[in-house]
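I have placed the structure first, in the form of structure tokens, so that the comments after it can refer back to it.
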Amino acid sequence: MEETLVIIKPDGVRQKAVGEIIARFERRGFEIKAMKQTVLEEAVVMEHYAHLKEKPFFREVVYFMISGPVVCMILEAEHGIASVRQMVGATNPQEALPGTIRADYGFISGSNVIHASDCPEAAEIEIKRFFG
Ligand code: TYD
């Protein structure tokens, strides 16, 4: 079994897609190990996206992530990390495959509805970062 960290971003919460997104994970067999709605601290988001700090869109991404409440979850399933990433789809919603969460609820790349850990090392760090 593998745990992974998922964040439904402010645009997902604003368009009231939280329930539908959680339902997709439950239908796929994920167990919700923890879940909370919160407004993220700027410093936490800057740390979370530190790998992008030289990018021209960094400030925009940080401000977007603190622009409203998010829903953080720890999800668990067999091969959970890859399975969630597959359900989430490509970073740019316009390139995400039909049926993925980003294709169905996203509009532009900076505003792509959901975050999911991309490997076991990231999942471990991100679970600690958002759930202590
Ligand atoms: P990244 O960690 O590369 O992708 P992912 O979220 O799919 O793991 O990027 C983090 C976020 O930064 C991404 O979800 C949206 C934003 N972003 C942009 O706005 N433009 C871009 O070109 C990239 C690569 C990311």
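Just so you know, all these numbers are worked out from the coordinates, no wet-lab data involved. Being a predicted model, the structure only gives us computed values, none of them experimental. Every residue, glycine among them, receives a Cβ derived from its backbone with ideal geometry; neighbour counts consider all protein chains shown.
Got a sec? Charge dipole of the chain, +1 on Cβ for Lys and Arg, -1 for Asp and Glu; which of ILE22, ILE81, TYR49 is way out at the positive end?
ILE22
For a bin width of 5 Å, list the pair-distance distribution of the chain built from all Cα-Cα distances, rounded to whole %.
Distribution as computed: 2, 11, 21, 25, 24, 13, 3, 0 percent.
Nearest 500 deg cm²/dmol is fine: what mean residue ellipticity at 222 nm does the chain get from its DSSP H runs of n ≥ 4 alone, each adding -39,500 (n - 2.57), divided by its residue count?
Helices in the chain give a 222 nm mean residue ellipticity of -11500 deg cm²/dmol.
Is there a quick way to get the dipole size of the chain? I mean about its Cα centre, with the Cβ of Lys and Arg at +1 and of Asp and Glu at -1; what is the value in debye to the nearest 20?
It comes to approximately 380 debye.
Could you work out how far apart the two model spin labels at LYS55 and CYS119 are, taking each label as a point 7 Å from the Cα in the direction of the beta carbon, and quote it in nm?
Going from the LYS55 label point to the CYS119 one covers 1.7 nm.
Picking from PRO120, PRO69, PRO56, which is most flexible by a Gaussian network model of the chain using Cα springs under 10 Å?
Result: PRO56 has the largest fluctuation of those listed.
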